[in-house]
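Notes for the one structure printed next.
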Amino acid sequence: MFGNSDCGQWVANSKSDFAMKTWLLGFMSGLSSGISDPKNDPLKKINSAEQIYLWMDNYCTKNPLRTVSSGGNNLFLELSGK
């Protein structure tokens, strides 16, 4: 499962691994689907998938022992203002 990929794998492979990027976007969409009021969806603050990828690049560079799913959760919380 790609969500169990560690940040070391993300940093090494994200530029060429379409499946890893696709998994991340699906994961973020899944988190967003739990928002009861679509007007308050934190992902509305994102303008492109590339912004998510760049955020994850930075997160994983700083946290190489964490997982891609933990990064996705952290991004979602950051966008939520929590």
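The values are calculated or read from the model by the stated rules, or taken from the named source; none is laboratory data. All of these numbers come straight from a predicted model, not from anything done at the bench. Cβ coordinates were reconstructed from backbone atoms using ideal geometry, including for glycine residues, and neighbour counts include every protein chain displayed.
Some notes on this structure:
- Among the residues of segment 44-77, those that are in contact with a Phe, Trp or Tyr (Cβ under 8 Å, 6 or more places away or on another chain) and more than 16 Å from Asn13 (Cα to Cα) comprise Gly72, Asn74, Leu75.
- Check on Ser5, surrounded by 13 or more Cβ atoms within 10 Å (Cβ to Cβ), touching a Leu at 6+ places or on another chain (Cβ under 9 Å), among the small types (Gly, Ala, Ser) and at pLDDT below 95: no
- Residues located in segment 30-48, provided they are of a type in the set (A, V, I, L, M, F, W, C) and under 19 Å from Ser5 (Cα atoms): Leu31
- Selection status of Lys44, among the basic types (Lys, Arg) and at pLDDT below 95: yes
- Segment 54-81: number of residues that are under 16 Å from Lys44 (Cα atoms) and charged (D, E, K, R): 1
- Leading residue by the ranking (farthest from Leu79 (Cα to Cα)) among those in segment 10-38 that are of a type in the set (Ser, Thr, Tyr) and surrounded by 14 or more Cβ atoms within 10 Å (Cβ to Cβ): Ser14
- A single member of Tyr59, Tyr53 is among the aromatic types (Phe, Trp, Tyr), on the phi < 0 side of the Ramachandran plot and in contact with a Cys (Cβ under 8 Å, 6 or more places away or on another chain), and it is Tyr59.
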